[in-house]
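Below is a structure I'd like to ask you about.
Derivation of every value follows stated rules applied to the coordinates shown; laboratory data play no part. As the structure is a computational prediction, the values presented were derived from the model and not from experiment. Cβ placement follows ideal geometry from the backbone for every residue including glycine, while neighbour counts extend to all protein chains displayed.
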Amino acid sequence: MTTTEALDGSAAVDDAARSLVRPFYVYAVLANSLFQRGVFVLFLQQRGFSAGQVALLQTLIYLVSGLAELPTGIIADRIGRRASIVIGQVLIAGCLLGQVSSSNYWVFLTLFMAQGVGMACVSGSDTALLYDLLVRRGATAGYVKIKSRFTMLGTVTSGVAIVLGGQLQRFSWGIVYLGSASCLVLAVVVLMSRVPEIRGVDAVDEQRDGAEKGHSDATAWLALLRVATPALVTLAVVSGLMHATLTPYIIFTQKTLSDQGAGTALVSVVISAGFFVGGLVPLLSDRANRRFGYRIVLPVSLVMLAAALGLSGFGLVWVTIAAFLVLVGIPEITAVLVDNVLNEAVPSRHRASLLSMISFVESLLIGTGYLVLGTLMDGLGSSVGMATYAAVPLLACLLWLPVLFRGARVTTETEKPAGQEGS
């Protein structure tokens, strides 16, 4: 295998497919160059907002994003996946500029809600666009490797952006937020100039091989009913609980480390290192998929998350740091594998809509997770609150066990095209 083939996923990805994949890699770098991501809590505190107000903003952005998932998914299928991404990223960029220009909490509430809508526009649409473009080239066999590299580039870029954001903040918050907004606009330019548009009606359905044409007038809801097997629903919920653990865990680890005696400089380095780990580990996704499969990797990730939270409960800063750096990357492998399974399970015509429905569940769970973990940390202390929250991934693991032992099907009953491996 050549170096180029290794980068782009597999020998199945031909020259035309590579020309589609490379712009996605550039897009991943630009779209994740969000310099405010690692210091936005400090920015909000300097604006005079309390910890409770900050938590409400974070919860609100995920709840609004969840509620907006279905309509934005339908829009992506109707007018185009690329168009939905462009709308979302431009909206997010505008919200970032609005935040740095205001200090009124009610304005921030409005901006964070609008940012949640922008996130919903991007969520599901980027994956659906990438997957269906590979379908057109008959290259979905390389999707796991391609998505793992897409994830790696985005996450590593986030880590670099966090470090740069901390340095840029010394000069001006305006530079931090303007820089982030500018990178999002550049990401849109790359997408518009290098990636072709695709709508649900234009998508080639790799699973039904034309059979879906008989259901051309079906709504996304009817499509969901056709593919929503108990195993698929369980996978969506369990994956959502995993993200509802991981996302608040990463954010609130900043407070936990601070309460355990770590200085601001050390906290920023640890969080940045966590992003690097989370970016590099997904490169093992294809190997993990071939050797173990998502059925095994998913519960392992949940147990690892529970262990990381539990170790934080000892109140020892270096134990918390070690647990964070060693275990935070494992769920990123699972996220890539689950994403591949979900893409295989849904028909192309309604892919963005159905993935948005799944993201809706995930967003609601993440928003609820922020509230639950924040309440636990306020009531029990940051360390004990973290340890108590370990019950969430353990619950998710219990929900997955019946699917694991019964070997229930997650994908639709239609056959996969020749050359694609089963999960």
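By the gyration tensor of its Cα atoms, with a ≥ b ≥ c the square roots of the eigenvalues, what is the shape of the stretch 272-389: rounded for a/c under 1.5, prolate for a/b over b/c, or oblate?
Verdict is oblate for the stretch 272-389.
Something else about it: Using the eigenvalues of the Cα gyration tensor, what equivalent ellipsoid semi-axes result for the stretch 25-112 when each is taken as the square root of five times the eigenvalue, whole Å, largest first?
26, 16, 11
A further question follows. Go ahead and run the numbers for FRET between Ser182 and Leu325, Cβ-Cβ distance against an R0 of 35 Å, rounding to 0.05.
0.70
Please give the contour-minus-distance gain from Val189 to Leu280: 0.36 nm per residue of separation, less the Cα-Cα distance, rounded to one decimal in nm.
That works out to 30.1 nm of additional length.
Label Leu404 and Leu380 with points 7 Å out from Cα along Cα→Cβ: what is the distance between them in nm?
Modelled inter-label distance: 2.3 nm.
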